[in-house]
Amino acid sequence: MKHLKTIIIAGIVLLVFIIATVVIVNIPQTSTSVEETSEEESTSSETVYVIKEEASDLVSYEIVPTERSVDDDTAYTYASESMKVDIEKTTDDNGSTEYSYTAEPDPGEFDYDTSMFRSMMYTLSSISAINLVEEDAQDLTIYGLDEPTCIVKTWYADGREIDLIVGSMAPVDENYYCMTSESNTVYTIGSYVDSLLCRRPIEYRDITLFPTYEDDDIYTNIDWVKLTNRDGSEIEILLDSNLDNEYNTEQSQYVMLQPYQVSGNTSTIESNILDVVATLTLGSIIDDISEDEYGAYGLNNPAKLEMTDISGNSVSLLVGNVCPNSDYTYCMLEGTHTLICASTTAFDWIGTSYVQYMLRTVWTFNIEDLESIQFDIDGDVYDMQVEHYIKQNANGNDTDGVTGTLNGQEIIETNVRRLFIRALYFRIIDNLTEDEKAQCEGVEPYATVTINLTDEDPHVLELIPLTDRKYAMRVDGELEYYCYKKSLTTLTDSLGWVLSGDELSMNFD
């Protein structure tokens, strides 16, 4: 029995020894395998550089583009003169390095944006490859390197010149083939090439449109906007933060200066003008064009956007046709000949009527559709008949003109238009209560305005007295709002003014 126990113990010890041996032998092998795999992965993920130099050693670079057609269906070619940028490095008294840049050709009507030169200085000194395609390539035609897209020449402080040669687009991921003048090793580099390395001189111009404002900053910073439609009609809005403008009789946030001088409709102005023009952003700088070329971009008959902010920034932008890419519209800063494009959303105001930007009125119509208006004010009847004709505006383009008579008496076009807007300018003060609506039942109106439009039934506004200074307004049978007596008083005075042969003023005071 004792002998058997000894044998069992010896067997257990032997088994433990065998297991320990196996573990000890295998641990180093496993560790070595992991280290080797890690080293291989590290090597394969190392960045391959096409050019790797110190940016501070770069003293000059030149972009030499070549002609290339955008596609076979256009005659447009993407070509420009070469651009040479010289870089001067200086050290100030504190030991800080400063760079200055001089460039050719001359930027023309604008300055160059030197921050773009600084960015290029660092970009050109460190260009990483997406892939190494072929070492010592013999047939460069495969990669378009025999007729390159552009060549970027770089010079360094030690006298070396390294040329980056950019070929055609690779078949995947919109990368580009390239090589340097130091070898025939072909790489691919990222798609930023087309918009950065081969940038034309014109694209370095310092062209800014307007600061970007968002949310409530839009309403506190943009303080003046003038919109000119293609027909020459103008809408001019001024921020009246101090409520001290003489025409802002209703103490609104905004006052309209054109086409009429009157308090503005804050909510409509903010949503339909300020929120719209605040999206103005530069798309791209396209080309310098002559006046003979304006028509191709709609700039022979432009709309115009002008605005300022409280910091003194301003823009005056001529607005042409929408680009083939409808996200952008052809534009030109007034006084220049450089064609640019800007975000189309900033021009959604084109074609809108000024009436909606005045304080909220009970009805609104376009004068282009007007045939006649009849006024009946406490038994005094006035009849305005309107005729339309085609005339040329200040831009030489056809637009709607009007002539008219009031009670058979000829009146000038200015008075036709201004009397029409006064017929519309019955400002909503508030909703009628149910008791006020009941008060109007069976009550004859004190005044009636009937507007007749082309191919429409007449539209009728009835004014029913509520108090000495309030009138309920019933429009086409619907009774919902009230106005103040002042709206009717202004209209009555205007009718008498027109019949006296005088010109109506533009304000509503």
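The values are calculated or read from the model by the stated rules, or taken from the named source; none is laboratory data. Please read these numbers as outputs of a predicted model, since none were measured by experiment. Here the Cβ is made from the backbone with ideal geometry for all residues, glycine too, and neighbour counts use every protein chain on show.
From (1) out of contact with any Leu (no Cβ under 7 Å at 6 or more places or on another chain); (2) outside any helix (DSSP H, G or I), pick out the condition that doesn't hold for V276. Only one criterion is unmet by V276, namely (2). Of the numbered criteria (1) more than 20 Å from the chain's Cα centre (by Cα); (2) modelled with pLDDT of 90 or more; (3) surrounded by fewer than 16 Cβ atoms within 10 Å (Cβ to Cβ), the one L282 fails is (1). For segment 458-507, the strands (runs of 3 or more DSSP E) that sit wholly inside it and include 3 or more residues that are within 14 Å of P445 (Cβ to Cβ), touching a helix residue (DSSP H, G or I) at 6+ places or on another chain (Cβ under 8 Å) and modelled with pLDDT of 95 or more are 470-475. Screening T66, T91 for residues that are hydroxyl-bearing (S, T, Y), within 22 Å of Y176 (Cβ to Cβ), out of contact with any Lys or Arg (no Cβ under 6 Å at 6 or more places or on another chain) and at pLDDT below 85 leaves exactly one candidate, T66.
Looking at the structure I just gave you, is T403 in contact with a helix residue (DSSP H, G or I) (Cβ under 7 Å, 6 or more places away or on another chain), exposed (fewer than 15 other Cβ atoms within 10 Å of the Cβ), at pLDDT below 95 and of a type in the set (S, T, Y)? Answer is yes for this residue.
Among what's in segment 117-156 and is assigned to a strand (DSSP E or B) and of a type in the set (S, T, Y), pick the residue that is farthest from E98 (Cα to Cα). Within segment 117-156, the match that is farthest from E98 (Cα to Cα) is S128.
Screening Y192 with (1) free of Cβ contacts under 8 Å to residues at least 60 places away in the same chain; (2) in contact with a Gly (Cβ under 6 Å, 6 or more places away or on another chain) gives one miss only, at (2).
For Y219, indicate whether it is at pLDDT 90 or above, crowded, with 19+ Cβ neighbours inside 10 Å and assigned to a helix (DSSP H, G or I).
Against the criterion (at pLDDT 90 or above, crowded, with 19+ Cβ neighbours inside 10 Å and assigned to a helix (DSSP H, G or I)), Y219 qualifies.
Apart from one condition, V133 fits all of (1) of a type in the set (V, I, T); (2) modelled with pLDDT of 90 or more; (3) exposed (fewer than 15 other Cβ atoms within 10 Å of the Cβ); the exception is (3). For the residues T228, T188, the requirement of being crowded, with 19+ Cβ neighbours inside 10 Å and in the same structural domain as S119 (by TED's automatic domain parsing) singles out T188.
Among residues of segment 157-188 being small (G, A, S) and outside any strand (DSSP E or B), the one that is farthest from V59 (Cα to Cα) is A170.
Taken together, V416, V449 contain a single residue that is in a helix (DSSP H, G or I) and either touching a strand residue (DSSP E or B) at 6+ places or on another chain (Cβ under 7 Å) or surrounded by 12 or more Cβ atoms within 10 Å (Cβ to Cβ) (or both), which is V416.
When you look at E270, is it assigned to a strand (DSSP E or B) and buried (at least 17 other Cβ atoms within 10 Å of the Cβ), yes or no?
no
With respect to the conditions (1) in a loop (DSSP other than H, G, I, E, B); (2) surrounded by fewer than 16 Cβ atoms within 10 Å (Cβ to Cβ), V381 falls short on a single one, namely (1).
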